[in-house]
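A short worksheet on the structure shown next.
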Amino acid sequence: MNGVINIFKPKGMTSFDVVREVKKICSTGKVGHTGTLDPEATGVLPVCIGRATKIIDYIMDSRKVYEVEFKLGIKTTTYDDEGDILESHETSHLTDEEILEAIKSFLGEYSQIPPMYSALKQNGVRLYTLARQGIEVEREGRNITIYNIENIKINNPFISMKVTCSKGTYIRSLCYDIGEKLGVYAAMTELNRAETSVFKQEDSINIKDLTSENYSQYLISIEEALNHYERININHKYAKLLVNGVRVGDTRYTNDKVENEKLYRVYDGEKFLGLGSKNDKGFKITKLLIT
């Protein structure tokens, strides 16, 4: 059994709880999720089964859409309302225009410092492990991109909005950074992941509704799960070489225009081979996914 199930994770479950449930329901051991959601967050959590675990990184690499609510005026240990409150500030002096300007200032690329309560490792230790011991360490900023912020609703001190962002973005950190820019801090109160890659919430199934009798009807093929990559067709005479890992330098390997360093879904006629990319030395299949 190979493919991806677009799971909706409810509140109260960890992402690994979802993986454990899918393993039990599908009676298989090779299962992995495509991007951790905090236990109190909800939303889309695509789960890869069998050979589809090979494409986890490619799903995680895509942009994501979140629906978030946060509260201005509080600073917490976790950057959300689950943590201990460290500071409280008055927010009534802030105008809607000031708040909106601060939010919009984070559009584009910026260096984001991840929260201490995160699964990132430092010297081999998870940051949240250190945080639970009361240890705070300096974290390096990571370049992330906020592509769009829309549906902004301001009811000071509460703000809600819809954020489209790159992989690696911590929405808790974005809320914190907005609050810090306004001088009053902020903590996230609600989070829902509405989309990741080609997977949308409206097409998902709640893990609580997935059963051993119905899971197969929700199984998405590896090929379909990679639909966010552009398709190219290679010349059939080069198919065997490419499948065997050879880099093809002849420009006639395909009739399609191919850009350097960009990933493509590669086909030999109607047969899906995998993902490939080109550089100055030629074209190569970088992830073979042929069945």
Once both label points are put 7 Å beyond Cα along the C-beta direction, the Tyr128-Lys237 separation in nm becomes 5.6
Shape call for the range 67-167 from the C-alpha gyration tensor, a ≥ b ≥ c root eigenvalues: rounded (a/c under 1.5), prolate (a/b greater than b/c) or oblate?
-> oblate
Counting GluC sites (Glu not before Pro) as exposed when in a DSSP loop with at most 12 other beta carbons within 10 Å, what is the longest stretch of the chain free of them?
-> 1-89
Signed unit charges on C-beta, dipole axis of the chain, positive-most listed residue Thr28, Pro46, Asn206 = Thr28
Lysines with Cα under 23 Å of Lys121, excluding same-chain neighbours fewer than 8 positions away = Lys54, Lys64, Lys167
Of all trypsin sites (Lys or Arg not before Pro) in the range 188-291, the ones in DSSP coil with at most 16 other Cβ atoms within 10 Å are Arg247, Lys257, Lys262, Lys281
Computed, not fitted: 222 nm per-residue ellipticity of the chain from DSSP H runs ≥ 4 (each -39500 (n - 2.57)), nearest 500, equal to -4500 deg cm²/dmol
Connecting every pair of Cα atoms under 10 Å apart in the chain and solving the GNM, the largest mean-square fluctuation among Val163, Val184, Val19 falls on Val184
With r defined as the distance between the Cβ atoms of Leu120 and Tyr147 and R0 fixed at 25 Å, what FRET efficiency is calculated, to the nearest 0.05?
-> 0.65
Put a dot 7 Å past each Cα toward the Cβ at Glu180 and Glu230; how far apart are the dots in nm?
-> 3.8
Once the Cα atoms of helix 15-26 and of the chain are each reduced to a long axis, what angle between those two axes, in degrees from 0 to 90 to the nearest 10, is obtained?
-> 40
Between Met1 and Asp203, what FRET efficiency comes out of the Förster formula 1/(1 + (r/R0)^6) with R0 = 22 Å and r the beta carbon distance, rounded to 0.05?
-> 0.65
Report, in degrees rounded to the nearest 10, the 0 to 90 angle that the Cα long axis of helix 171-181 makes with the longest principal axis of the chain.
-> 40
Distance from the range 1-59 to the range 217-249 (C-alpha centre basis), Å = 24
Roll a 1.4 angstrom probe over the protein heavy atoms and tell me the percent of accessible area of the range 48-87 that is carbon or sulfur.
-> 43
About its Cα centre, how strong a charge dipole does the chain have in debye, to the nearest 20, once Lys and Arg get +1 and Asp and Glu get -1 at the Cβ?
-> 1780
Per residue accessible area in Å² of the chain, where ligands, DNA and RNA are left out and the probe is 1.4 Å = 51
Between the modelled labels at Glu87 and Asp57 (7 Å from Cα along Cα→Cβ) the distance in nm is 3.9
Calculate what fraction, in whole %, of the accessible area of the range 131-257 sits on carbon and sulfur atoms when a 1.4 Å probe is rolled over the protein chains.
-> 41
Most fluctuating residue of Ser118, Ser160, Ser173 in a GNM of the chain with Cα springs under 10 Å: which is it?
-> Ser118
Please label the shape of the range 141-180 as rounded, prolate or oblate, based on the square roots a ≥ b ≥ c of the eigenvalues of the alpha-carbon gyration tensor (a/c under 1.5 means rounded; beyond that, a/b larger than b/c means prolate, else oblate).
-> oblate
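The values are calculated or read from the model by the stated rules, or taken from the named source; none is laboratory data. Since the structure is predicted, the reported quantities are computational estimates derived from the model, not experimental observations. So basically every Cβ, Gly included, is an ideal-geometry build from the backbone, and we count neighbours across all protein chains shown. For the accessible areas, the whole protein counts, side chains as well, though only heavy atoms, and no ligand, DNA or RNA atoms are used. Shrake-Rupley method; radii C 1.70, N 1.55, O 1.52, S 1.80 Å.
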